[in-house]
Structures are given as C-alpha cells and as structure tokens.
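Below is one structure; the comments refer to it alone.
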Amino acid sequence: MEFFIFVRFHARPGNEAAIAEALAEVLAPTRQEPGCLAANAFRALRDAQLFFIHSRWKDEAAFERHAGLPHTVHFLERVETLIDHAHDIVRTELIV
C-alpha cells in the first residue's frame, strides 16, 4: 500500500537559505531510491522560515530503509542545528 510522508521544518532566523540548500541536496538521492515514488520540498508563502518535504513511498518498509541511509542521516543531522524545533515527521495514508 502506498505510504505518504510529510515533514515540517521551521528555520531559525537567518538559516532559510541553508535549509533550502540541504533540501535540494537530499532530494536527488532520495528520488533514486527503490520504493520512492516521489519526493518534493516546499516553502510556505506566508512564512519564509517554514519548509516541508512531501514524499510518496511504495510501502512503509521502503521509507524505513530510506530513514537509515547515509544521505538521510546526514541531512537530518545538518538541519537539526538550523531549525527552532524538533523536526516533525507525519506518516499518512491516502483516504480519498
């Protein structure tokens, strides 16, 4: 069953460009992973510090593999110092 992930990042003031760069770097290898159906990054229009990742996965196992890969671990370590809260990952399923 397809599996959807939403991740929210709120940048500390002045770190917006660094988060955008980190997102751009992690998306290319993520999109190449087996089981990744789509991965995109977004920035809120009304809050320039607010960023999201939305990704679609073949199944939860594919996402779990992704979570342990070096590029994912490095990305999370990198952005941890750039955000003003713990990153927020929500696992979802399509209902409509």
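For segment 14-56, state which trypsin sites (Lys or Arg not before Pro) are in a DSSP loop and have at most 11 other beta carbons lying within 10 Å of their beta carbon.
When the trypsin sites (Lys or Arg not before Pro) of segment 14-56 are filtered for loop state and at most 11 Cβ neighbours within 10 Å, ARG46 remain.
Among LEU50, LEU27, LEU69, determine the one that fluctuates most according to a GNM of the chain built with springs between C-alpha atoms less than 10 Å apart.
Result: LEU69 has the largest fluctuation of those listed.
Mind listing the phi-derived Karplus ³J(HN,Hα) values for segment 24-31, rounded to whole Hz, using 6.51, -1.76 and 1.60 with θ = phi - 60°, and x for any glycine or proline?
4, 6, 7, 5, 4, x, 4, 5
If I stretch the segment between ALA61 and HIS85 completely, what's the gain in nm (0.36 nm per residue apart, minus their alpha carbon distance), one decimal? Walk me through the numbers before you get to the answer.
Values: separation 24, 0.36 × 24 = 8.64 nm, distance 2.67 nm.
Difference between extended and current length: 6.0 nm.
Work out, step by step, the length gained on full extension between GLU77 and ALA28: first 0.36 nm times the residue separation, then minus their alpha carbon distance; give nm to one decimal.
15.9 nm
Per residue of the chain, what 222 nm ellipticity follows from adding -39500 (n - 2.57) for every DSSP H run with n ≥ 4, rounded to the nearest 500?
Numbers: 3 runs with 35 residues, N = 96.
Rounded to the nearest 500, it is -11000 deg cm²/dmol.
Quick one: grab the alpha carbon gyration tensor of the chain, order the square roots of its eigenvalues as a ≥ b ≥ c, and give me rounded if a/c is under 1.5, else prolate or oblate depending on whether a/b is larger than b/c.
Prolate, because a/c is 1.5 or more and a/b exceeds b/c.
Based on the Cβ-Cβ distance from ILE95 to PHE52, what FRET efficiency comes out when R0 is 25 Å, to the nearest 0.05?
After rounding to 0.05, the efficiency reads 0.85.
Computed from the coordinates by the stated procedures, all read-outs in this text should not be read as laboratory data. Computed from a predicted structure; not experimentally measured. Don't worry about glycine lacking a Cβ; one is built from the backbone with ideal geometry, like all the others, and counts go over all protein chains shown.
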